[in-house]
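I have placed the structure first, in the form of structure tokens, so that the comments after it can refer back to it.
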Amino acid sequence: MLLTPEILTLDILNILFLLFATVAFYFSMRILFLYNADATTPLQYRLEKQSYLVATIIKFIFAIKIPLFIFFIFTLDKISTVLPGAMCGAGVVNATEYGTPLLILKILNLYLFGYWIVLNGEDMKSQERKYLRLKFFVFVVAYFLLLIEIVSQIVMFSSIDVKSVVDCCGAIFSTTNGSYIAEILGAKPLYLLTTFYGVFSVMFIAYFTNNRYLYSLLNLLYLIIALVTLIAFFGTYIYELPTHHCPFCLLQRDYGYVGYFLYITLFIGTFYGLIVGLVEFNKKECKRKLGISMVFDTLYLIIVSYYLLAYYVKNGVFL
């Protein structure tokens with residue numbers, strides 16, 4: 001079992017989250033089954049007040065969950081120094097079977113809680129409270145995913161054996177180990193770049209034609225292909241090493257912590273891009289969110305492209 005001050009902090013905060021979320025879950029279930037917008041009974045007024053309490057709790061969880069996710073990533077890098085063989089957070093994630101699913105679940109929960117925040121904002125603007133049932137249903141789903149996330153995190157850190165040698169990121173993201181990751185990393189750069197810039201180009205057209213549903217769908221695709229190309233191609237130009245594909249080393253001081261900026265930029269761009277296809281905004285608000293998404297999606301593309309071009313200008317060749 002691995003226990004450090006960072007892990008203890010994560011566990012304590014997650015347990016507090018769970019306590020608050022359980023209170024919100026209880027009231028959410030009451031609202032889902034008992035709320036009637038047409039009724040004027042004392043119960044309906046109580047439920048109305050309780051909905052504000054639930055909204056406050058969820059906004060608090062989301063506000064803390066974002067920096068806590070960054071702290072979780074920092075913790076992975078920090079404890080990699082005590083695991084034999086690990087050189088960064090990749091080794092810690094790969095140390096148990098729970099690491100990769102937990103990381104994916106944490107990212108999914110960020111998007112889901114963010115979706116709830118947007119739904120709640122639009123619901124509060126509407127006199128009909130048209131999103132009231134939907135937003136509490138979304139939270140019920142988010143609550144169970146949060147519960148799974150917290151349990152998985154405790155189990156993951158408890159399952160790490162500090163005496164066992166783990167794979168370093170070079171072995172995990174090797175192009176010759178026969179894994180599915182190796183197949184992705186082994187894809188031809190021409191295919192990767194064509195897909196990446198192609199998806200962005202179509203997304204750019206969808207933005208200017210105000211096709212929000214197509215734009216939203218393309219943002220989901222852009223998120224996936226951006227992460228794949230970062231690991232398989234662009235990351236090697238940041239490292240200036242053709243065999244280094246680790247997405248965690250980008251978060252280290254040696255590379256200017258550029259990974260934090262890249263991932264945050266990609267999250268903001270794709271989140272706003274996805275949300276315009278899931279919520280009915282007024283024309284002005286929809287355009288504003290499309291604009292935010294386009295700015296951050298473009299910024300991400302400019303940054304990764306800069307490293308590619310800078311390497312070529314400096315060395316006269318590509319990797």
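Can you give the calculated 222 nm mean residue ellipticity of the chain, where each DSSP H run of n ≥ 4 adds -39,500 (n - 2.57) and the sum is split over every residue, rounded to the nearest 500 deg cm²/dmol? All intermediate terms of the calculation are to be shown ahead of the outcome.
Details: 12 runs with 232 residues, N = 319.
One gets -25000 deg cm²/dmol as the mean residue ellipticity at 222 nm.
If you take the charge dipole of region 173-315 about its Cα centre, with +1 on Lys and Arg Cβ and -1 on Asp and Glu Cβ, which of Leu262, Leu274, Cys249 is farthest toward its positive end?
Leu274
Enumerate the helices in the chain for which the Kyte-Doolittle hydropathy averages 0.5 or more and the C-alpha atoms extend at least 30 Å along the helix's axis, using complete DSSP H runs. Each step should come with its number before you reach the end.
Details: long enough: 5-34 (43 Å, 1.73); 42-79 (53 Å, 0.99); 99-125 (40 Å, 0.75); 132-159 (40 Å, 1.86); 283-315 (48 Å, 0.32).
For the chain, where a helix must reach 30 Å along its axis and average at least 0.5, the hits are 5-34, 42-79, 99-125, 132-159.
Cross-link list Lys163/Lys188; Lys135/Lys284; Lys78/Lys188; Lys78/Lys135; Lys130/Lys284; Lys65/Lys135: which exceed 27 angstrom alpha carbon to alpha carbon?
Lys163/Lys188; Lys78/Lys188; Lys78/Lys135
Taking the Cα centre of region 5-159 as the origin and placing charges on Cβ (Lys, Arg +1; Asp, Glu -1), which of Ala39, Phe136, Ala55 is farthest toward the positive end of the dipole?
Ala39
Would you list, by chain and number, the aspartates and glutamates whose Cα falls below 16 Å from the Cα of Lys125, excluding same-chain residues fewer than 8 positions away?
Partners within reach: Glu48, Glu280, Glu285.
Take the alpha carbon gyration tensor of region 84-208, find the square roots of its eigenvalues, order them as a ≥ b ≥ c, and report rounded if a/c is under 1.5; if not, report prolate when a/b exceeds b/c, else oblate.
Numbers: a/c = 4.11, a/b = 1.35, b/c = 3.05.
Since a/c reaches 1.5 but b/c is at least a/b, the shape of region 84-208 is classed as oblate.
First select every other residue whose beta carbon is under 13 angstrom from the beta carbon of Met203; then total the charges, Lys and Arg +1, Asp and Glu -1. All intermediate terms of the calculation are to be shown ahead of the outcome.
Details: positive: Arg212; negative: Asp297.
Here the charged neighbours net out to 0.
Taking the Cα centre of the chain as origin, work out the dipole magnitude from +1 charges on Lys and Arg Cβ and -1 charges on Asp and Glu Cβ, in debye rounded to 20. Write down the numbers at each step before the final one.
On the way: 22 positive and 18 negative charges, 206 e Å.
Magnitude of the dipole: close to 980 debye.
Go through the chain and flag any cysteine with no other cysteine's C-beta closer than 4.7 Å, please.
Within the chain, the cysteines lacking a partner Cβ under 4.7 Å are Cys88, Cys168, Cys286.
Mind ordering 220-228, 121-129, 269-277 by average Cβ neighbours within 10 Å, highest first? Provide the component values of the computation, followed by the final result.
Details: 220-228: 18.1, 121-129: 13.3, 269-277: 23.1.
With the highest mean Cβ count within 10 Å placed first, the list reads 269-277, 220-228, 121-129.
Net charge around Lys106, counting only other residues with Cβ within less than 14 Å of its Cβ (Lys, Arg = +1; Asp, Glu = -1)? Write out the running numbers ahead of the final one.
Details: positive: Lys65; negative: Glu149.
In short, 0.
Run down the aspartates and glutamates and flag those whose C-alpha is under 12 Å from the C-alpha of Lys49, throwing out any fewer than 8 positions away in its chain.
Within the straight-line cut-off, Lys49 pairs with nothing.
If you compute P(r) over Cα pairs in 20 Å bins from 0, in percent for the structure shown, which of [x] 33, 60, 7; [y] 31, 58, 12, 0; [z] 28, 53, 17, 1 do you land on?
Derived directly from the coordinates: [z].
Using +1 at the Cβ of each Lys and Arg and -1 at the Cβ of each Asp and Glu in the chain, identify which of Leu319, Val304, Ala86 lies farthest towards the dipole's positive end.
Val304
If we sort 211-219, 45-53, 104-112 on the protection proxy, mean other Cβ atoms within 10 Å, highest first, what's the order? Intermediate results must be reported in sequence, preceding the final value.
Numbers: 211-219: 20.1, 45-53: 14.2, 104-112: 15.9.
Final packing ranking: 211-219, 104-112, 45-53.
Taking the Cα centre of region 173-315 as the origin, how large is its charge dipole in debye, to the nearest 20, when only Lys and Arg (+1) and Asp and Glu (-1) carry charge on their Cβ atoms? Intermediate results must be reported in sequence, preceding the final value.
Working: 9 positive and 6 negative charges, 92 e Å.
Here the size comes out at about 440 debye.
Only the coordinates and a few stated rules stand behind these numbers; no lab work does. Everything numeric here is computed off the predicted structure, so don't read it as measured data. Here the Cβ is made from the backbone with ideal geometry for all residues, glycine too, and neighbour counts use every protein chain on show.
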